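One structure below.
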Amino acid sequence: MSNRLNDEERDMLASELDRLRQEHRDLDAAIDALALVGKGDQLQLQRLKKRKLFLRDRLAFVEDMLTPDIIA
């Protein structure tokens, strides 16, 4: 099965990668802000961390899709 992407698919994935990276940075800031408050909503903090983990996995997947296979 070929994993080659056309230019449109590559552009869409690159755009998604940028969006995911920005959301990941925003979640970092939100998590840090909640931690500074101290008695933040623990459930909210858990949800943000869970979303951040999902984003990390999605980032890795999209990066893999954009990285060409190298046959050794």
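Remarks
- Pair list, Cβ < 6 Å and 6+ apart or interchain, from the stretch 27-54 residues that are within 27 Å of LEU17 (Cβ to Cβ) to residues that are of a type in the set (Val, Ile, Thr) and surrounded by 12 or more Cβ atoms within 10 Å (Cβ to Cβ): LEU48/ILE31
- Candidates in the stretch 55-72 are the residues that are free of Cβ contacts under 8 Å to residues at least 12 places away in the same chain and in a helix (DSSP H, G or I); of these, the one that is farthest from LEU5 (Cα to Cα) is ASP57.
- Hits in the stretch 1-17 - residues which are surrounded by 10 or more Cβ atoms within 10 Å (Cβ to Cβ), assigned to a helix (DSSP H, G or I) and not small (Gly, Ala, Ser): GLU9, ARG10, ASP11, MET12, LEU13, GLU16, LEU17
- The residue that is farthest from PRO68 (Cα to Cα), counting only those in the stretch 1-53 that are modelled with pLDDT of 90 or more and over 20 Å from the mean Cα position of the chain (by Cα), is GLU8.
The values are calculated or read from the model by the stated rules, or taken from the named source; none is laboratory data. As the structure is a computational prediction, the values presented were derived from the model and not from experiment. In this analysis, Cβ positions are derived from the backbone assuming ideal geometry, glycine residues included, and neighbour counts consider all displayed protein chains.
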